[in-house]
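First the structure, in the form of structure tokens, and then the observations on it.
The values are calculated or read from the model by the stated rules, or taken from the named source; none is laboratory data. Keep in mind that what you see is a predicted model, and the values were worked out from it rather than measured. Cβ placement follows ideal geometry from the backbone for every residue including glycine, while neighbour counts extend to all protein chains displayed. When the accessible area is computed, the model is the full protein with side chains, heavy atoms only, and any ligands, DNA or RNA have been set aside. Shrake-Rupley method; radii C 1.70, N 1.55, O 1.52, S 1.80 Å.
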Amino acid sequence: MLRKRYFIRSKRQFFFLVIDIALALFSYWVAYLLRFDGFVPRKDFELFTRMLPFIVVLRVPCFIYFGLYRTLWQYLGIQELFSIIKATTASSVLLAFSCFAFGFRSHPRSVFIIDWLILTVSLSSLRVLFRILIGWIRNRTAVSAKRVLIVGAEDTGELLVREFLKRPELGYKPIGFLDDDSRKLGGHIHGIRIAGGISQLAHVIRAKRAEEVILALAKVSGAEIKEVLKRCRELRVACRIIPQAFFLHPPHLLPLKLRPVNVSDLLGRELVEADLSGVEDFFSGKSVLITGAGGSIGSELTRMVVKNHPREVILVDHSENNLYEISSDLSKNPSETEVSQYLCDVTNEKEIEKIFVRHEPEVVYHAAAFKHVPLMEVHFREGIINNVFGTKIVADFALKYNAERFVLISTDKAIHPQSVMGATKRIAELYTQVLSNGKTHFLTVRFGNVFNSRGSVVSVFQKQIEEGEPLTITHPEAKRYFMDVSEAVFLILKATIIGSNSEIFILDMGKSVRILDLAYDLAQFMGVPFEGVQIKYIGLRAGEKLEENLEVIAEQALNTIHQKIRVWKSKDNSSVDIREHVDELIHLAQTGGPRDAILQKLIQVVPEYTPWDSASGSLGERSTTLVSNPMFET
């Protein structure tokens, strides 16, 4: 009934059905003519006419059932051709069975075979010709198209070219591929030739008069992207790139998601494996609570969860502006998901409980946290109240009201912490681990810095470059891990599904990036010549380390079913001790306890925590302005 209702509401589909019925009758007549060498005896002609109603009655339901009218013909593919074969085969079998069931035993058996072959070819040919005609009309009427060269003759490049060819109105005309796989050279994809390797970029751009280059490589190093971008700029050709988590967008939207190369791409990239299995099934119909929903991670998490059709999402944030922005963003793409917003601090115990009572969320993402390391060294009490007490409140209510999953968004700074912020996040991890019971599964996901998040080093550098100021760097050897926000959030969702209990998931952050290199890459990307980049060393700030770790010695690494997610099993902690220490720590912070007492309590809970005041390593030289590359200094 669903297929029938879908079918009869479309005049276009009814029109094509009439054409197919005419083809079915015509192919049956031609089969008779071929069987009798062009002259059908009177007796067989009478049998032919008696079979015509059976042709219509049996062919039409099969055509509809196998979906011959659900796909627009201009998007005809292999799957649609298979559907035609299945529809003609099934209806031919039914036709032969009915013929003999109704006593038409003198009917020539060969006619059924000839008819099946002619009809299959006719239906397929009609659709192919229609697709070719539509493409020709579009090409004739389309606006002048931009000549684009695709770097990467892989699945993503094929997908882009297919969309460009199907939709000339997008304004792109693919003129060639470049790929370093020598086995592909000289081959064609959708009629577009693979013209050479990436090293031949400049030559091919000139020879084919390319106006834009699109990077569609699944895995590419930062050096390769820099070289492509350099050649494009020299030849005054635009260069764009597919989004890193491209599979999150439907194929027809991929051309609209192309973006200019940015500094995050210059560090190298590897596209996330397009494994969406289980994500929508898991979230469909569920109630999902997200704290810190207006932040960099929280907002992207909200968008991605909504795409998977939960029953409702509950957004909690203490920033009026952040909550307004994510709510406005969601309203631009209406969905059946109900969205509730609460301007509320996670330390407001009464309000948080009201939210749990009202909505009974099944999945809870706790992304709310104070994250600025130097700031938390000064405002350490506030950091403990927000990061520890806030986590305790949300986690306790998740347990009390039987949520299925509680996912803590943590940080690599929780590993061997040297800052109050890192120590508080580690305590949050330990506390949620001891809460796990049979009903509620408590999981933690750790990762490093997110590109272009609010207050990130990238946005700071961009502002300094725009204002002509020196780029401030803490130390020439300072390194950090970076990740694309869409990739991070997708992996968080996957970890949510595969997690069982008391697990800490580490997202694959790739290689750490030296901040000095990042500064130079960004400056040159924004048009500052290499020799004109000024660097100002300000020394490591309170709580900062030269380089973050990704694992704790007391944890054991285990693989997961996803190659970019690892799980770390920690040693068991005494739930009584942890809870008592946490309560005492919160009491100290809320009552204005002295710094030394609070730091000692942090060490009691997190023995690997080394307060920054006593950590080795000096602040280094401050306010040293360098005009040349400091890497060559002695």
Subject >> Placed amide H near residue 176: partners under 5 Å, 5+ positions off or other chain >> reply: 150
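Over 19 Å between Cα atoms: which of 463/511; 286/439; 479/511; 392/425 fall into that group? Display every interim value, and only then the final one.
Working: 463/511 26 Å; 286/439 16 Å; 479/511 10 Å; 392/425 11 Å.
Table pairs above 19 Å Cα-Cα are 463/511.
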Original post:
What is the spread of the Cα atoms of segment 332-450 along each of their three principal axes, largest first, in whole Å?
Top reply: 43, 38, 27
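When you count, for each residue, the other Cβ atoms within 10 Å and take the mean per peptide, how do 16-25, 211-220 rank with the highest first? It would help to have the intermediate numbers written out before the result.
On the way: 16-25: 16.4, 211-220: 20.8.
Per-residue Cβ counts within 10 Å, averaged per peptide and sorted highest first, yield 211-220, 16-25.
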Original post:
Roughly how many Å is it from the Cα centre of segment 323-402 to that of segment 595-613, as a whole number?
Top reply: 26 Å
Original post:
At a Förster radius of 25 Å, what calculated FRET efficiency corresponds to the Cβ-Cβ distance of residue 234 and residue 262, to the nearest 0.05?
Top reply: 0.85
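Using the structure shown, list the pairs from 184/564; 184/219; 350/601; 307/413; 350/400; 350/413 with a Cα-Cα distance above 24 Å, or answer none. Could you put the intermediate results ahead of the total?
On the way: 184/564 29 Å; 184/219 17 Å; 350/601 27 Å; 307/413 30 Å; 350/400 14 Å; 350/413 30 Å.
Long pairs (Cα-Cα over 24 Å): 184/564; 350/601; 307/413; 350/413.
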Original post:
How big is segment 419-491 on each of its three principal axes, counting only the C-alpha atoms and giving the largest first in Å?
Top reply: 57, 27, 19
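Using a cut-off of 10 Å between beta-carbons, work out the net charge of the residues near residue 371 (Lys and Arg +1, Asp and Glu -1, residue 371 not included).
Details: positive: 413, 425, 454; negative: none.
Here the charged neighbours net out to +3.
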Original post:
What is segment 350-395 by shape, rounded, prolate or oblate, if you read a ≥ b ≥ c off the alpha carbon gyration tensor as root eigenvalues and call it rounded for a/c under 1.5, prolate for a/b larger than b/c, and oblate otherwise?
Top reply: prolate
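Sort 364-375, 417-428 for me by packing, meaning the mean count of neighbouring Cβ atoms within 10 Å per residue, highest on top. Show your work: numbers first, answer last.
Working: 364-375: 22.7, 417-428: 28.2.
In decreasing order of mean packing, 364-375, 417-428 become 417-428, 364-375.
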Original post:
Computed FRET efficiency, Cβ-Cβ of residue 110 and residue 340, R0 51 Å: what is it to the nearest 0.05?
Top reply: 0.15
Subject >> Qualifying lysines (Cα of each under 17 Å from Cα of residue 146; at least 8 residues distant if same chain) >> reply: 166, 173, 208, 257
Subject >> Local electrostatic count at residue 286 - Lys and Arg +1, Asp and Glu -1, tallied over other residues with Cβ under 10 Å >> reply: -1
**OP:** Express in nm, to one decimal, how much length is gained between residue 329 and residue 542 on full extension, taking 0.36 nm for each residue of separation and deducting their alpha carbon distance.
**Re:** 73.1 nm
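Give me the net charge for the shell around residue 312: Cβ to Cβ below 14 angstrom, other residues only, Lys and Arg +1, Asp and Glu -1. It would help to have the intermediate numbers written out before the result.
Values: positive: 286, 311, 358; negative: 336, 338, 360, 362.
Overall, the nearby charge balance is -1.
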Original post:
For the pair residue 79 and residue 497, how long in nm is the line joining their label points, each one 7 Å along Cα→Cβ?
Top reply: 1.8 nm
Original post:
Cα centroid distance between segment 424-494 and segment 152-173, in Å?
Top reply: 35 Å
Original post:
Taking a 1.4 Å probe, which of 147, 42, 209 shows the most accessible area, and what order do the others take after it?
Top reply: 42, 209, 147
